[in-house]
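Notes to accompany the following structure.
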Amino acid sequence: MPESTRERFIAVANTLFYERGFHATGLDQIIDEVGVTKTTFYKHFESKDDLAIAVLHERDRHETAEWIGIIRDRGSGDPRAEILALFDLLEEWLGQPDFSGCMFFKAVSEYPSPSDPVHQAAMVHSQNLFRELESRAARGGARNAKALAGQLMLLLTGAILARHETGLPDQARSAREAAGLLVEAHMK
């Protein structure tokens, strides 16, 4: 359980932003859930957008660490297996009955300007994931690790968007099959 008031704000906002979206969640709703005053909120954050940025950074830190730990365990140090394990993990996530979408996709769609600080905070997650894929591609001997990482990111993004659009949880299976073909072609 979060200890500090700041951590409580981040935890509550994380849940509400994920379930309802950023613009549909009011600041008063967050403050009421935390059980403090507006004055207390402004001691910790300059604005709701400042809180959104903190939520996105914390979620990125947590999700990236969790996912990387899982794919390392499943891949047992083999870069190819780790890349494919990421797609297996994606399939598990997209198949969850309570799947409510991707917080980072929600942020970039609700804050569409690339110069918006909330949009930029959401993009950090993609950049971190890209670096992880590029690192594994390079360790696995890919001729062009950056190109492979970009293609894999396209598959990940496409699977998530297709899940949003269709509501069908099996989108990651096709992405995983395509990822296997790409890995095989690039990492000989």
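The values are calculated or read from the model by the stated rules, or taken from the named source; none is laboratory data. These numbers were taken from a predicted model, which means no experiment stands behind them. Counting neighbours? That spans all protein chains shown, and the Cβs are built from the backbone with ideal geometry, glycine included. With ligands, DNA and RNA removed, areas are computed over all heavy atoms of the protein, side chains included. Shrake-Rupley method; radii C 1.70, N 1.55, O 1.52, S 1.80 Å.
The table below gives the values:
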quantity: Qualifying residue in region 91-101 (condition: more than 28 Å from H186 (Cα to Cα) and either of a type in the set (V, I, T) or open to solvent by less than 20 Å² (accessible area, probe 1.4 Å) (or both)); calculated: yes
quantity: Residues being open to solvent by 80 Å² or more (accessible area, probe 1.4 Å) and assigned to a helix (DSSP H, G or I) - total across region 1-54; calculated: 11
quantity: Of the criteria (1) of a type in the set (A, V, I, L, M, F, W, C); (2) under 16 Å from A159 (Cβ atoms); (3) over 13 Å from the mean Cα position of the chain (by Cα), which one A138 fails; calculated: (2)
quantity: Enumeration of residues in region 113-133 that are free of Cβ contacts under 8 Å to residues at least 60 places away in the same chain and closer than 13 Å to T157 by Cα; calculated: M123, S126, Q127, F130
quantity: Enumeration of residues in region 131-150 that are touching an Asp or Glu at 6+ places or on another chain (Cβ under 8 Å) and of a type in the set (A, V, I, L, M, F, W, C); calculated: A145, L148, A149
quantity: In region 70-83, the residues that are open to solvent by 30 Å² or more (accessible area, probe 1.4 Å) and in a helix (DSSP H, G or I); calculated: I70, R72, D73, R74, R80, A81
quantity: Test: E63 is under 13 Å from A107 (Cα atoms) and open to solvent by 20 Å² or more (accessible area, probe 1.4 Å); calculated: no
